[in-house]
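Chemist: This structure is in structure tokens; I'll ask about it shortly.
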Amino acid sequence: MSPAETKPFDYLIHNVNLATMADDTDYGIINSACIGVKSGIIQYVGPQAQLEHPEDLEKNAESLINAHNQWLTPGLIDCHTHLVYAGNRANEFEMRLNGAHYEDIAKAGGGILSSVRATRNASEQNLFDSASKRLKSLLKEGLTTIEIKSGYGLDTETEIKMLKVAKRLGKEFPVRVATTFLGAHALPEEYKNRADDYIDLVCNEMLPTIAELELADAVDAFCENIGFSYQQTKKVFETAKQLGLPVKLHAEQLSDQSGAGLAADYNALSADHLEYLSQASIQKMAQKGTVAVLLPGAFYFLRETKLPPIQALRDAKVPMAIATDSNPGTSPAESILLMLSMACTLFRMTPLESLQGVTINAARALGLEKEVGTIEVGKKADLVLWDIDHPNELSYQIGGSNWTRTFKS
Ligand code: NIG
Ligand code: FE
């Protein structure tokens with residue numbers, strides 16, 4: 001090959017073990033493999049012997065990376081976060097441990113509304129800086145895609161401010177950011193006792209403006225006694241549908257509102273939390289391929305005792321994802337690997353299911369499964385190298401991280 005000739009790959013990772021996650025029934029392990037990447041897209045996955053010049057790897061790539069038998073997985077995906085907010089709610093954590101309940105704190109004007117007050121008062125820069133700190137922790141664990149919701153603004157201006165900060169995080173850090181508009185997260189103080197009027201504001205003003213500005217990839221709501229009713233949620237979904245935006249839902253976190261079934265009726269990408277999920281809603285989710293996003297951090301931090309119906313979801317073949325739900329009130333989490341461990345120990349998911357939950361099924365929960373979530377030819381080269389002996393170690397370890405490096409397309 002003459003020096004002027006371009007080599008098939010920009011870089012080639014060799015001496016590597018792969019967990020491709022490309023098969024729904026196992027890790028998709030390929031030992032002693034090679035992976036070739038060109039222009040950020042995976043072009044070759046397989047044994048070194050099948051390369052064009054197996055004896056002279058340098059002929060294949062501009063840059064050669066010897067992985068020394070470490071393991072490569074798809075980049076991890078956190079498909080449910082509220083990463084952008086101001087302040088914290090350690091005081092409410094202390095109140096809860098002294099006997100107060102999450103719902104009572106919310107009804108008394110604390111909870112989400114206390115984060116709303118802080119977020120409205122924070123500058124864009126201040127929000128960016130505090131979210132950056134949290135994002136940096138997640139990136140050290142191999143995160144390559146993150147979903148970030150609004151929902152601590154609850155007025156048009158602050159919701160826009162939050163989504164702009166989320167977009168900016170995606171520009172300034174090596175991570176793909178999917179944004180979700182969560183205007184229907186809680187009833188702001190100025191709309192007290194006027195929930196329907198607030199939903200009108202969400203549908204008639206906030207959503208069209210945010211769609212026009214292209215600030216959201218999806219629309220979410222909190223369907224709950226302390227959130228919004230089935231009918232109000234339906235109205236938000238109807239507006240999202242008219243604007244061509246996919247929906248997802250905080251559903252069945254504290255009680256059964258049939259929200260997950262409603263979400264499935266609207267072809268939702270996902271229904272999230274699901275501790276109080278009914279069998280009827282599971283069937284609807286299965287029919288529509290709605291992903292069940294399970295949030296062990298919120299389960300743990302709220303000291304919830306009702307488990308999401310994992311076996312029923314498994315039996316119905318509903319794809320299950322895992323996420324941090326990183327937020328100040330119910331899951332001040334900055335570790336995706338800890339969520340894998342909790343998914344196994346608290347929810348009795350298997351290590352394979354938990355890794356699927358932050359790769360292929362998390363990609364499905366964001367509608368990104370054609371681009372990311374597995375190691376396959378044609379997909380984006382979002383990859384993580386781990387110093388482990390088997391991918392089950394990713395959910396086995398409590399704290400610490402065996403992360404070596406991330407490749408981001
Ligand atoms: O995912 N449930 C609603 N929303 C968040 C909590 C928000 C908060 O308490 O600040 C959740 O748990
Ligand atoms: Fe959430």
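The values are calculated or read from the model by the stated rules, or taken from the named source; none is laboratory data. In this text the structure is predicted, and so the values were computed from the model without any measurement. When we count neighbours, we look across all protein chains shown, and the Cβ atoms used for this are built from the backbone with ideal geometry, even at glycine. These area figures cover heavy atoms from the full protein model, side chains too; ligands, DNA and RNA do not enter into them. Shrake-Rupley method; radii C 1.70, N 1.55, O 1.52, S 1.80 Å.
Chemist: In a Debye calculation with equal point scatterers on the alpha-carbon sites of the stretch 1-157 and no solvent, what is log10 I(q)/I(0) at q = 0.10, 0.11, 0.12 Å⁻¹?
Modeler: Here the Debye-derived log intensity ratios amount to -0.61, -0.68, -0.73.
Chemist: Now, a different point. What trypsin sites (Lys or Arg not before Pro) does the stretch 103-151 have in DSSP loop regions with at most 15 other beta carbons within 10 Å?
Modeler: Working: sites: K107, R117, R120, K133, R134, K136, K140, K149; in loops: K140.
The qualifying sites are K140.
Chemist: Let me ask you something else. Which ³J(HN,Hα) values in Hz, rounded to whole numbers, follow from the phi angles of the stretch 280-295 under the Karplus curve 6.51 cos²θ - 1.76 cosθ + 1.60, where θ = phi - 60° and Gly and Pro get x?
Modeler: 4, 5, 4, 4, 5, 4, 4, 4, 9, x, 5, 6, 8, 9, 9, 10
Chemist: Given K164/K234; K133/K380; K192/K234; K248/K284, which pairs have Cα atoms separated by over 18 Å?
Modeler: Details: K164/K234 26 Å; K133/K380 26 Å; K192/K234 20 Å; K248/K284 14 Å.
In this structure, K164/K234; K133/K380; K192/K234 lie more than 18 Å apart at Cα.
Chemist: Right, here's the next one. Where in the stretch 363-409 are there trypsin sites (Lys or Arg not before Pro) that are in a DSSP coil and have at most 14 other Cβ atoms within 10 angstrom of their Cβ? All intermediate terms of the calculation are to be shown ahead of the outcome.
Modeler: Values: sites: R364, K370, K379, K380, R405, K408; in loops: K370, K379, K408.
Within the stretch 363-409, the qualifying trypsin sites (Lys or Arg not before Pro) (loop, at most 14 other Cβ atoms within 10 Å) are K370.
Chemist: How far apart, in nm, are two points set 7 Å out from the Cα along the Cα-to-Cβ line at Q48 and at S255?
Modeler: Those two pseudo-labels are separated by 6.2 nm.
Chemist: With a 1.4 Å probe and all protein chains left in place, how much of the accessible area of the chain comes from carbon and sulfur atoms, in whole percent? Please list the in-between numbers first.
Modeler: Working: 7870 of 16360 Å².
Of the solvent-accessible surface of the chain, carbon and sulfur hold 48 percent.
Chemist: While we're looking at this one, here's another question. Taking 8 Å as the Cα distance limit and 6 or more residues as the minimum spacing, I'd like the relative contact order of the chain as a percentage. Working shown, then result.
Modeler: Working: 925 pairs, mean separation 75.7, N = 409.
That works out to 19 percent.
Chemist: Which ³J(HN,Hα) values in Hz, rounded to whole numbers, follow from the phi angles of the stretch 249-254 under the Karplus curve 6.51 cos²θ - 1.76 cosθ + 1.60, where θ = phi - 60° and Gly and Pro get x?
Modeler: Using θ = phi - 60°, the values come out as 8, 6, 10, 6, 7, 10 Hz.
Chemist: Subtract the Cα-Cα distance of S229 and T404 from 0.36 nm times their separation in residues, and report this length gain in nm to one decimal. Write down the numbers at each step before the final one.
Modeler: Working: separation 175, 0.36 × 175 = 63.00 nm, distance 4.56 nm.
Contour length minus Cα-Cα distance gives 58.4 nm.
Chemist: Quick check for me: using +1 on Lys/Arg Cβ and -1 on Asp/Glu Cβ, what's the dipole size of the stretch 248-389 about its Cα centre, in debye to the nearest 20?
Modeler: Working: 12 positive and 16 negative charges, 69 e Å.
The calculation lands at about 340 debye.
Chemist: Under the Karplus relation 6.51 cos²θ - 1.76 cosθ + 1.60, θ = phi - 60°, what is the ordered set of whole-Hz ³J(HN,Hα) values for the stretch 92-100, x standing for Gly and Pro?
Modeler: Listing the rounded values in order: 6, 4, 5, 4, 5, 6, 9, x, 6 Hz.
Chemist: If amide hydrogens are placed 1.01 Å from N in the peptide plane, which non-local residues have theirs closer than 5 Å to the one on L295?
Modeler: Placed amide hydrogens put H273 under 5 Å from L295.
Chemist: Using helices alone, what [θ] at 222 nm do you get for the chain, with -39,500 (n - 2.57) per DSSP H run of 4 or more residues, divided over all residues and rounded to the nearest 500?
Modeler: Working: 16 runs with 139 residues, N = 409.
So the calculated ellipticity at 222 nm is -9500 deg cm²/dmol.
Chemist: So what does log10 I(q)/I(0) come out to for the chain at q = 0.08 Å⁻¹, using the Debye formula with one equal point on every Cα and no solvent?
Modeler: These q points yield log10 I(q)/I(0) values of -0.42.
Chemist: With a point put 7 Å past each Cα toward its Cβ, work out how far E103 is from N193 in nm, to one decimal.
Modeler: 2.2 nm
Chemist: State the antiparallel share, in %, of DSSP beta bridges confined to the chain, rounding to the nearest 5.
Modeler: Working: 22 of 54 bridges.
Percentage antiparallel, nearest 5: 40.
Chemist: Let me ask another. Determine the per residue accessible area of the chain with all protein chains present and a 1.4 angstrom probe, expressed in square angstrom. Can you show the working numbers first?
Modeler: Details: 16360 Å² over 409 residues.
Here the per-residue accessible area is 40 Å².
Chemist: Here's a follow-up. In the chain, with Lys and Arg counted as +1 and Asp and Glu as -1 at Cβ, which of these residues, A86, G399, A343, has the Cα nearest the positive end of the dipole, that is, farthest along it?
Modeler: It is A86.
Chemist: Which stretch or stretches of the stretch 81-123 have amide N atoms under 12 Å from the point lying 7 Å from D129's Cα along the Cα→Cβ direction?
Modeler: Under cut-off, by backbone N: 123.
Chemist: Further question: Once you have the Cα-Cα distance between Q242 and A280, take 0.36 nm times their residue separation minus that, and quote the gain in nm to one decimal. Before the final figure, lay out each step's value.
Modeler: Numbers: separation 38, 0.36 × 38 = 13.68 nm, distance 2.66 nm.
Stretched fully, the Q242-A280 segment lengthens by 11.0 nm.
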